[in-house]
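J.: Below: one structure in C-alpha cells.
The values are calculated or read from the model by the stated rules, or taken from the named source; none is laboratory data. Note that the structure is a prediction, hence the values are computed from the model and not measured. Glycine also receives a Cβ, built like all others from the backbone with ideal geometry; neighbour counts cover every protein chain displayed.
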Amino acid sequence: MSLKIRTKFGSIKIERRLTYPRHISILTTVLAILLSFAAVAVILTLMGINAFEAFAVMARAFIVPRLLFESVKQSIPICLSALGIAIAFKMNFWNIGAEGQIYMGMIAATGVVLLHVYYGAFNEYLLLPLMTISSFLLGGVWCLITSFLKSKLNVNEILTTLMLNYVAILIVDYLIHGPWRDPKGYGFPLSIAFPNYAKFIFVLDSPAYTGLLISILAAAAVFFVMKYTKIGFEINVVGHSLNVAKYAGINVSRVIMLGSFLSGGLAGIGGLSIVSGIIGRLRPRASPGYGYTAIIVAALAGLNPWLIVVASLFFGGLLTAGESLQASMNVPKAATQMIQAIIFLFILMGEFFKRYQIIFERGGNGS
Amino acid sequence: MEDLVVLRGIVKRFPGVVANDHVDFTLKRGEVHALLGENGAGKTTLMNVLYGLYKPNEGEIYVKNKRVHLKSPKDAIELGIGMVYQNFRLIESHTVLENIILGAKDLEFKIDFERHEEKIKRLAEVYGWKIDPRMKVWQLSAGEKQQVELLKILYRGADILILDEPTSVLTPQETRRLFKALRRMASEGKGIIFITHKLNEVMEVSDRVTVMRRGKVIITKNTAETSPVELANYMVGRPVILKIEKAESKPGAEIAKLIDLEALSDKGVLALRKVNLTIRKGEIVGIAGVSGNGQVELAEVMIGLRKATKGKVMIDGVDVTNKNVKEIIELGVAYIPPESTRWGIVKDLRIADNLFLKAYRYPPYSNKLLLNWKKIFEETEKLVKEFEIMTSSIFAKARSLSGGNLQRLILARELSGLIGGGAPKLIIAAYPTKGLDVGATEFVHKTLLRYRELGSGILFISEDLDEILMLSDRIAVMLEGRITGVLSREEANVEKIGLLMSKAVAQAR
C-alpha cells in the first residue's frame, strides 16, 4: 500500500489516500489535460509544426458548429459502448468486446434495412425502432455467449470477449464482400445506402441529434437500472464481492448473464449509431476502434453514466480534431493518433494521483 | 532484576491513526510479562517496533541497557530478540531440524546434522517437549509447530521472547504445557512478553501485566496484585460483567438434523466425515475445537454454500441437502459467517445496502422489478437503533464502522426477521465474537441468548472454550472433520473437551 524511497536529503513516501476529496479529483484531471497539451506542444514543435496554430485547429472541433456536430456524431458510439462497459465493469465482468458487439449491432441494423428495401418488410416509421431493438438483441447475445461460457465452464471473459471481436469483424467482411454487397455498387465492398428514414438526423441543424437523444436516454436508463432496480442492486453486490453475493443467496450466474446481455446490447446500439448516424450504410472496418476508446471513457468517468456522456463528447471531439489536423495542417494520421494517445496517458496518470499522495519528508536517514 | 528491554515514549503513527501513543514498557530478566489489550489496542504494533519491523516516529529503545536503533528484524535477532507469530513461519515440507538450523548463528560450512540433532533434542527435553527433529513440519500438530518455533528462537540463543497470542491455536492441555515451558524459560533468566486478550491466561502465567487501550499504556501491575475484573475494566475503560445470566434451557422440537454428513474442503479433501448432530428449538449447541477442523465447512454445507458429498441435512423436517442458499434462507435459517468482512459485509456499500443484502428481494422492500428504497431506509433507521449500531448516517459506507458495529449490522440483518418476520428457526453462528472487543462480544452473547429464549435453535461455533461453556446447552467437539463427542452442559468441562479436541482420542478410535 505504501512505498518509501529514501534519498540523501530526505524520503519520499507514496501513500494511498484515505479519502478522495472532490476538488483534488477535479484539479488533477484539469492539470493532466493541461500538461498533456504541453507535452503535445513540445512534440509538435519538434516536428516543425506551430503548436498554437494546431491547438487552434483542434479547438474548432468543439466550437465551429459543423465540426461540433461531427464531434457529437463521433461520440455516440463511444458513449453507448461505454455505458454498456460500465454495467459489465460494475460486476467485475471484464467485457473488452464492445468492438465486436458494435459490429454485431451494425449487422442487425443493416439486416433490418435490407429486409425492408428488398422485401418491403416493415413500415418505414417502424424501421428505426426495429433497427434499435434488433441491434440491441444481437449485440447482447454476442456478449451473452461469453458470460454463458464463464458461468458454465469458468472460461475467462477477457479472452473470449476480445477474440469474438475479430469474429464479428470478419462476419461483416464476409457479408459485405458476399451476399450484402450492393449489386449496383460497381463491385465496391459496400452495402446499399440506407434510406433517409433509416438514418439519424440533426433536428433544425442543432445538436439535438437523434444519437445524442439515444445516448442521454441510455445514460438515464443505466442510471435508473443501477440505482432503483433489483438487478442493479445485484450487479453492485456481485461486483463488490462474489463471496458475499453467494452468501446472500444471489444467483450469481443469472446476474452476470443478464448484466452482460445489457452490456453487449448497449454496444450493439452503438453499432446502429455508426451505420445510421455516421456512414449511412455498412462497410468493412466501419468502426475505427470506438469499442476500445469506450473502455478508456468508461474507466475515466468512474463508470458514472452521466460523466460517460461528457467524457465521450470530449473524446469524440478529439477524433474530429485529429481529422481537422490532417486536413488543414498536413499532420500525418499517425501523429494525430499519437496526440490522442498522449492525452489519454496523461489523464490515466492523473488517476494515480487521485488515489495516492506523495509525502516529502526532510532530513536524511538518521534520527 | 536487570532490565532486558526498556521502551520509552514510543510513538508510531499510521495514516489516520496513532497506533502507539507515547508508550513506556519494561521487560525484566526472568519474568513473564503479559501485554493485555483488545484488538487494535496497539500491542502487536509495539512488538513490531521492538522486533525492528516498524521504525517508531518517536521514542527510544534500550536493550540490555544500551540504546539501539533497529533497522530490521535482523538487528533485533542479533540482540537476542525472538518472535513467535500467531501464524507460524515454518517451511512445512522441511524437517524440524532443517527449520530450526535455518537462520541459526555460526552454522558450519558442512552442516553436522547429527550434532545439531543431539543439541536440539537436549534443548527440547529441558522444556519437557518430546519432538523428533527428523519429522517433517507438516506432520506436526499446531502445538508441536509452536514448540518448533520456540526451539528455533532458543537455539539461536535468544533471551527476549515475544509470543503473539500463542494460545489461540492450542487445546487446553497444550496451553498448559506451553505455560509450564514459559515458566521454565523465565526461571533460566529469559524475559518473555506474552501478548493476549484473555484474562485468565494473564492470571495463570504472568508475573507482571501491562494493559493497553487505544494505543496507550493504561497501567503496569504485578499480576498477584490484580484481578480479572480489574484488568477487564482497564482494558475496556468501563466496568464490565464477565459472567452473564442465563435462563434454564427449554429445548423444544428438533429443528435441524445432520445425518452421516460428508463434504470436501476447498482443497478437495474430505473435510466432514460422517457428521451426525441434532439441534433443537431453544437450545444452543456449541461446536468446540481448534479451528480448521471442519467447522466452517459444516456451517457452509448447512446453509447451502458447499455441496454435501454424502449424507443429509434436514431443517425443520425438510430435506435441504444441496439446495441453494436462497431456498435455505427462505426456510428461516440465519447465518453469521466467519471473517465477516470477507463473507458477510460489502465494505464499500452503504449500511442500508448491507442490511438488505438478503431481504431486498422480498416484499415490501421490492416488487418484481424495483426496490422500495423508502421502505428500506425506514426499516434501516429502525434497526440501526434497535441493534445499537453506532453510525453518523445509514448512508455511510460499511467501511466506516468498527468491527463490533459491523457484527451488530450482521446480527441485525440475520436475526431481526426482515425475511418472513419473527425469530429465525435456526441460527448458525460461526466464530461470531472473533476479533471483537469485550463490549461487542457481550452484545453478541446477549443477543444469541435472547434468540434462544425466542425459540431459535442455535449452532454456535467458537474456538474460545470459555464462551462455549458459558453459552452452550450441549457441546459437540470437532476434530479432523469428525464429531469426537457430544457432552451435555452438566458433564462438560475444559478437561473433557480438551481431551476430545486432541489427537490422542482420534488415534484411539
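J.: Counting only residues that are farther than 27 Å from B:Thr175 by Cα, give me the helices (runs of 4 or more DSSP H) lying completely in segment B:49-127 with at least 3 of them.
T.: Passing ranges, in order: B:73-78, B:113-126.
J.: Which one of these does B:Ala308 not meet: (1) more than 8 Å from chain A (Cβ to nearest Cβ); (2) more than 23 Å from B:Arg482 (Cα to Cα); (3) aliphatic (A, V, I, L, M); (4) touching a helix residue (DSSP H, G or I) at 6+ places or on another chain (Cβ under 9 Å)?
T.: Among (1) more than 8 Å from chain A (Cβ to nearest Cβ); (2) more than 23 Å from B:Arg482 (Cα to Cα); (3) aliphatic (A, V, I, L, M); (4) touching a helix residue (DSSP H, G or I) at 6+ places or on another chain (Cβ under 9 Å), B:Ala308 violates only (2).
J.: Does any residue of segment A:214-232 turn out to be surrounded by 15 or more Cβ atoms within 10 Å (Cβ to Cβ), at pLDDT below 95, over 30 Å from B:Asp348 (Cβ atoms) and not acidic (Asp, Glu)?
T.: Yes, segment A:214-232 has at least one match.
J.: Same structure, new question: Quick one: which residue in A:Gly289, A:Gly316, A:Gly280 is surrounded by fewer than 24 Cβ atoms within 10 Å (Cβ to Cβ), at pLDDT below 95, more than 14 Å from chain B (Cβ to nearest Cβ) and closer than 25 Å to A:Val331 by Cβ?
T.: The unique qualifying residue is A:Gly289.
J.: Taking segment B:332-349 as the search range and keeping residues that are in contact (Cβ under 8 Å) with a residue 24 or more places away in the chain and either facing chain A (nearest Cβ under 8 Å) or basic (Lys, Arg) (or both), which one is surrounded by the fewest Cβ atoms within 10 Å (Cβ to Cβ)?
T.: Here the residue is B:Asp348.
J.: Now for a different question. Could you please find all residues in segment B:30-57 being farther than 26 Å from B:Gly237 by Cα and out of contact with any helix residue (DSSP H, G or I) (no Cβ under 9 Å at 6 or more places or on another chain)?
T.: Passing the criteria: only B:Asn57.
J.: Only residues in segment B:446-463 that are more than 19 Å from B:Glu386 (Cβ to Cβ) count as the first member; pair them with residues that are among the acidic types (Asp, Glu), Cβ under 8 angstrom, at least 6 apart or cross-chain, and list the lot.
T.: Every condition considered, the pairs that remain are B:Gly457/B:Glu283; B:Ile458/B:Glu283.
J.: Quick check: is even one residue across segment B:298-308 acidic (Asp, Glu) and either closer than 30 Å to A:Lys90 by Cβ or assigned by TED's automatic domain parsing to the domain that holds B:Leu170 (or both)?
T.: Yes - at least one qualifying residue is present in segment B:298-308.
J.: Restrict the check to segment B:403-411 and report whether at least one residue is at negative phi, in contact with a Phe, Trp or Tyr (Cβ under 8 Å, 6 or more places away or on another chain), modelled with pLDDT under 90 and not β-branched (Val, Ile, Thr).
T.: So far as segment B:403-411 goes, yes, one or more of its residues are at negative phi, in contact with a Phe, Trp or Tyr (Cβ under 8 Å, 6 or more places away or on another chain), modelled with pLDDT under 90 and not β-branched (Val, Ile, Thr).
J.: Being farther than 22 Å from B:Tyr451 by Cβ and at the interface with chain A (Cβ under 8 Å from one of its Cβ atoms) is the filter; apply it to segment B:350-367 and report the residue that is nearest to the chain's Cα centre (by Cα).
T.: B:Asp353
J.: Would it be correct to say that B:Glu283 is among the acidic types (Asp, Glu) and farther than 15 Å from B:Ala256 by Cα?
T.: no
J.: Determine whether A:Ala168 is in contact (Cβ under 8 Å) with a residue 40 or more places away in the chain and among the hydrophobic types (A, V, I, L, M, F, W, C).
T.: Judged against the criteria, A:Ala168 is a match.
J.: Those residues that are assigned to a helix (DSSP H, G or I) and farther than 21 Å from B:Leu35 by Cβ, I need them from segment B:128-169; list them, please.
T.: Of everything in segment B:128-169, those that are assigned to a helix (DSSP H, G or I) and farther than 21 Å from B:Leu35 by Cβ turn out to be B:Val137, B:Trp138, B:Gln139, B:Ala142, B:Gly143, B:Glu144, B:Lys145, B:Gln147, B:Val148, B:Leu151, B:Lys152, B:Tyr155.
J.: Ok, one more. Residues B:Ser291, B:Ser265: which one is of a type in the set (Ser, Thr, Tyr) and in contact with a Pro (Cβ under 9 Å, 6 or more places away or on another chain)?
T.: Checking each option against the conditions leaves just B:Ser291.
J.: Can you find a residue that is in contact with a strand residue (DSSP E or B) (Cβ under 7 Å, 6 or more places away or on another chain), modelled with pLDDT under 90, outside any strand (DSSP E or B) and within 14 Å of chain A (Cβ to nearest Cβ) anywhere in segment B:9-16?
T.: Checked segment B:9-16: at least one residue is in contact with a strand residue (DSSP E or B) (Cβ under 7 Å, 6 or more places away or on another chain), modelled with pLDDT under 90, outside any strand (DSSP E or B) and within 14 Å of chain A (Cβ to nearest Cβ).
J.: Still on this model: Name the pairs whose Cβ atoms lie under 7 Å apart, with the first residue in segment A:231-260 and in contact (Cβ under 8 Å) with a residue 24 or more places away in the chain and within 8 Å of chain B (Cβ to nearest Cβ), the second outside any helix (DSSP H, G or I) and surrounded by 19 or more Cβ atoms within 10 Å (Cβ to Cβ), and 6 or more positions between them or separate chains?
T.: Note: pairs meeting the criteria are A:Asn236/B:Leu349.
J.: With the requirement that a residue be touching a strand residue (DSSP E or B) at 6+ places or on another chain (Cβ under 8 Å) and surrounded by 11 or more Cβ atoms within 10 Å (Cβ to Cβ), what does segment B:63-75 give you? Talk me through it step by step, then tell me what you get.
T.: Taking segment B:63-75 first, the residues touching a strand residue (DSSP E or B) at 6+ places or on another chain (Cβ under 8 Å) are B:63-65, B:67-70, B:73, B:75.
Result: B:Val63, B:Lys64, B:Val68, B:His69, B:Leu70, B:Pro73, B:Asp75.
J.: In segment B:26-48, what residues are under 19 Å from B:Pro73 (Cα atoms) and in a strand (DSSP E or B)?
T.: B:Leu27
J.: So B:Arg280 passes all but one of these: (1) within 14 Å of chain A (Cβ to nearest Cβ); (2) touching a residue at least 24 places away in the same chain (Cβ under 8 Å). Which condition number does it fail?
T.: (1)
J.: Quick one: is A:Ile192 assigned to a helix (DSSP H, G or I) and either surrounded by 15 or more Cβ atoms within 10 Å (Cβ to Cβ) or in contact with a Pro (Cβ under 8 Å, 6 or more places away or on another chain) (or both)?
T.: Considered against the rule, which asks whether it is assigned to a helix (DSSP H, G or I) and either surrounded by 15 or more Cβ atoms within 10 Å (Cβ to Cβ) or in contact with a Pro (Cβ under 8 Å, 6 or more places away or on another chain) (or both), A:Ile192 comes out as no.
J.: Which residue pairs have Cβ atoms closer than 6 Å, lie 6 or more positions apart in sequence or on different chains, and pair a first residue in segment B:424-437 that is without any contact (Cβ under 8 Å) to a residue 60 or more places away in the chain with a second residue that is not in a strand (DSSP E or B)?
T.: B:Thr433/B:Thr441; B:Thr433/B:Val444
J.: Which residue pairs have Cβ atoms closer than 6 Å, lie 6 or more positions apart in sequence or on different chains, and pair a first residue in segment B:318-331 that is more than 14 Å from chain A (Cβ to nearest Cβ) with a second residue that is aliphatic (A, V, I, L, M)?
T.: Within 6 Å, the pairs are B:Thr321/B:Ala308; B:Thr321/B:Val313; B:Asn322/B:Ala308.
J.: In addition: Can you confirm whether A:Ala267 is touching a Cys at 6+ places or on another chain (Cβ under 9 Å) and assigned to a helix (DSSP H, G or I)?
T.: Taking the combined requirement at face value, the residue satisfies it.
J.: Right, next: Going by the conditions given, is A:Val155 β-branched (Val, Ile, Thr), surrounded by fewer than 21 Cβ atoms within 10 Å (Cβ to Cβ) and in contact with a Leu (Cβ under 7 Å, 6 or more places away or on another chain)?
T.: The answer is yes for A:Val155.
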